Amino acid sequence: MSIRTQVEETIEVIRPALQADGGDIILREVDEVTGIVSVTLTGACGTCPASDQTLKAGIERIMRDRIDGITEVVAV
């Protein structure tokens with residue numbers, strides 16, 4: 001299974017929690033060489049002051065735990 005497919009599946013696991021708070025996540029890019037995943041947080045998550053915390057302590061941690069090769073998740 002490709003890294004992108006694993007990222008897409010992981011986002012589907014994370015998405016309900018974001019949607020429960022009025023937000024969502026859009027996958028923009030997966031760089032399989034560097035392991036960097038680019039996403040856009042939308043809705044309430046896009047303007048929330050805690051979105052950096054959600055991105056790093058939540059989304060990035062989950063992706064790094066579940067998917068070998070992921071090094072960072074960045075907002076674009």
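The values are calculated or read from the model by the stated rules, or taken from the named source; none is laboratory data. Worth saying up front: this structure is predicted, and the values here are computed from it rather than measured. Glycine gets a Cβ as well: all are built from the backbone with ideal geometry, and neighbour counts include every protein chain shown.
Of the residues examined, residue 36 is not one that is at pLDDT 95 or above, in contact with a helix residue (DSSP H, G or I) (Cβ under 9 Å, 6 or more places away or on another chain) and on the phi < 0 side of the Ramachandran plot.
Considering only the stretch 18-57, state which residues are among the aliphatic types (A, V, I, L, M) and in contact (Cβ under 8 Å) with a residue 12 or more places away in the chain.
Filtering the stretch 18-57 down to residues among the aliphatic types (A, V, I, L, M) leaves 18, 20, 25-27, 30, 33, 36-37, 39, 41, 44, 50, 55, 57.
Listed by number, the residues that qualify are 18, 25, 26, 27, 30, 36, 37, 39, 41, 44, 55.
Consider residue 4 carefully, then state whether it is among the charged types (D, E, K, R), surrounded by 13 or more Cβ atoms within 10 Å (Cβ to Cβ) and at pLDDT 95 or above. Even if it seems obvious, please write down each step before you answer.
On the way: among the charged types (D, E, K, R): yes; surrounded by 13 or more Cβ atoms within 10 Å (Cβ to Cβ): yes; at pLDDT 95 or above: yes.
It is true that residue 4 is among the charged types (D, E, K, R), surrounded by 13 or more Cβ atoms within 10 Å (Cβ to Cβ) and at pLDDT 95 or above.
Residue-level analysis places residue 44 outside the set of residues that are hydrophobic (A, V, I, L, M, F, W, C) and out of contact with any strand residue (DSSP E or B) (no Cβ under 8 Å at 6 or more places or on another chain). How about the stretch 1-36: which of its residues are farther than 16 Å from residue 50 by Cα and part of a strand (DSSP E or B)? Result: 26, 27, 28, 29, 30, 31, 36. Within the stretch 58-76, being in a helix (DSSP H, G or I) and either touching a residue at least 12 places away in the same chain (Cβ under 8 Å) or of a type in the set (Gly, Ala, Ser) (or both) holds for 58, 59, 60, 62, 63, 66.
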